[in-house]
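So the structure is just underneath, and the comments pick up after that.
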Amino acid sequence: MTAPLSHVRWGIIGVGDVTERKSGPGFQKAERSSLVAVMRRDGAKAADYAARHGVPRWYDDADALINDPEVDAVYIATPPGSHADYAIRVAAAGKPVYVEKPMARTADECRAMIDAADAAGVPLFVAYYRRAMPRFKVVEDLVRSGELGEIRSVSVRNSSPGEAWEPGHQPWRVQPEISGGGLFVDLGSHALDWLDHVLGPVEEVHGIATNVTGASAAEDHVVATFRWASGAVGTGTWAYDDAERTDEIALHGTKGSVRFPCFGEAPIRVRVGGVDREIEAAYPEHVQQPLIQLIVDELTGHGGPAPSTGRTALRTGEVIDAVLAGYRAQA
């Protein structure tokens with residue numbers, strides 16, 4: 001990589017919903033960072049976004065943004081089906097890449113993105129932002145401090161009532177040709193990646209995925225078992241035709257346990273030595289801003305390395321591929 005930048009001027013490819021609050025303003029509010037250009041194939045929508053967010057330039061052509069000499073780094077916020085293509089093009093232009101999660105539809109696409117970044121000598125980051133969010137750092141610190149003892153078992157559950165869509169009008173998140181799968185890929189990847197961060201890579205995984213509703217071509221019920229490098233073992237259930245909404249990650253150690261939602265803002269519940277306590281920890285206004293700041297710190301020589309990279313995200317992609325292998329083979 002070239003010498004550190006003094007200030008990172010960002011461009012965004014794909015200014016959809018995720019960029020309105022979760023990510024876009026974070027590029028403007030992070031230190032030594034600014035958002036200078038946005039792109040959407042619908043030029044009117046790109047112009048509207050630029051006007052509402054105070055962005056100087058907009059494009060309806062990705063290559064025009066990528067090759068803008070005043071854009072130092074590019075954030076790719078399109079659906080996963082185009083991540084690899086755009087990431088490879090940004091890397092070829094010699095610019096750092098920050099791509100939305102999931103990193104791509106398959107691990108093979110992730111590897112192609114990593115190869116392109118390596119060949120160009122540019123860094124590749126992925127928006128698994130829970131690795132940097134203060135709320136999740138609280139739980140990480142509980143684990144790393146030893147307060148919970150050795151983590152022995154893990155459980156993850158995410159469920160919600162099923163949804164019905166008109167034929168041909170399913171959202172892209174449940175169109176495997178675009179997203180790589182269903183809500184397990186879109187939502188479950190967050191928990192899997194954060195657990196990789198805290199417990200180490202998954203060393204063994206077994207999964208069953210089914211489609212019980214027929215509402216889309218994607219899996220809607222997934223059950224998996226895992227063994228992490230730390231020695232912890234665990235289960236995960238992702239059910240999207242359930243009577244109840246559930247959202248919980250639980251870590252059980254030799255001294256205590258912690259339970260917390262992956263997506264909600266409920267208090268973190270800790271039990272150590274038979275004593276219960278709750279820790280309030282809200283989401284930041286712009287959930288990606290803490291990770292964006294760490295990426296900018298790395299690019300400007302003020303810190304680093306940032307915790308979510310192409311290589312860490314590849315591991316999550318490999319786990320998803322393993323869980324869905326049987327379902328995909330039958331599709």
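The values are calculated or read from the model by the stated rules, or taken from the named source; none is laboratory data. Predicted, not measured: the structure shown is a model, and the values here were computed from it. As a convention, Cβ positions derive from the backbone with ideal geometry for all residues, glycine included, and neighbour counts pool all protein chains shown. These area figures cover heavy atoms from the full protein model, side chains too; ligands, DNA and RNA do not enter into them. Shrake-Rupley method; radii C 1.70, N 1.55, O 1.52, S 1.80 Å.
Numbers at a glance
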read-out	value
Scope the range 113-144; condition more than 23 Å from PHE260 (Cβ to Cβ), part of a helix (DSSP H, G or I) and over 18 Å from the mean Cα position of the chain (by Cα); matching residues	ASP115, ALA116, ALA117, ASP118, ALA119, ALA120
Residue ranges of helices (runs of 4 or more DSSP H) in the range 1-78 with at least 2 members touching a Leu at 6+ places or on another chain (Cβ under 8 Å)	24-29
Candidate set from the range 79-103 (those that are of a type in the set (D, E, K, R) and assigned to a loop (DSSP other than H, G, I, E, B)); member that is farthest from PRO171 (Cα to Cα)	LYS95
Residue under evaluation GLU147, criteria (1) open to solvent by 40 Å² or more (accessible area, probe 1.4 Å); (2) within 23 Å of GLY16 (Cβ to Cβ); (3) modelled with pLDDT of 95 or more, criterion not met	(2)
Check on SER257, assigned to a loop (DSSP other than H, G, I, E, B) and open to solvent by 10 Å² or more (accessible area, probe 1.4 Å)	no
Answer residue from the range 205-215, given it is open to solvent by less than 40 Å² (accessible area, probe 1.4 Å) and modelled with pLDDT of 95 or more and is nearest to PRO167 (Cα to Cα) among those	ALA209
The range 121-138, subset under 17 Å from TYR75 (Cβ atoms) and of a type in the set (Gly, Ala, Ser), residue surrounded by the most Cβ atoms within 10 Å (Cβ to Cβ)	ALA127
Hey, ALA37 modelled with pLDDT of 95 or more and open to solvent by 10 Å² or more (accessible area, probe 1.4 Å) or not	no
Subset of the range 276-290 that is over 20 Å from ALA77 (Cα atoms) and modelled with pLDDT of 95 or more - its residue that is least open to solvent (accessible area, probe 1.4 Å)	ILE279
Test: residue in the range 184-195 that is surrounded by 15 or more Cβ atoms within 10 Å (Cβ to Cβ) and at positive phi	no
Close pairs from the range 115-133: first modelled with pLDDT of 95 or more, partner of a type in the set (Lys, Arg) and assigned to a loop (DSSP other than H, G, I, E, B), Cβ under 7 Å, at least 6 apart	VAL122/LYS95; VAL126/LYS101; ALA127/LYS101; TYR128/LYS101
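So that you can scan it fast, the table gives a plain yes or no per residue for (1) within 21 Å of SER179 (Cβ to Cβ); (2) open to solvent by 10 Å² or more (accessible area, probe 1.4 Å):
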{"site": "ARG32", "(1), (2)": "no, yes"}
{"site": "ASP42", "(1), (2)": "yes, yes"}
{"site": "HIS53", "(1), (2)": "no, yes"}
{"site": "MET103", "(1), (2)": "yes, no"}
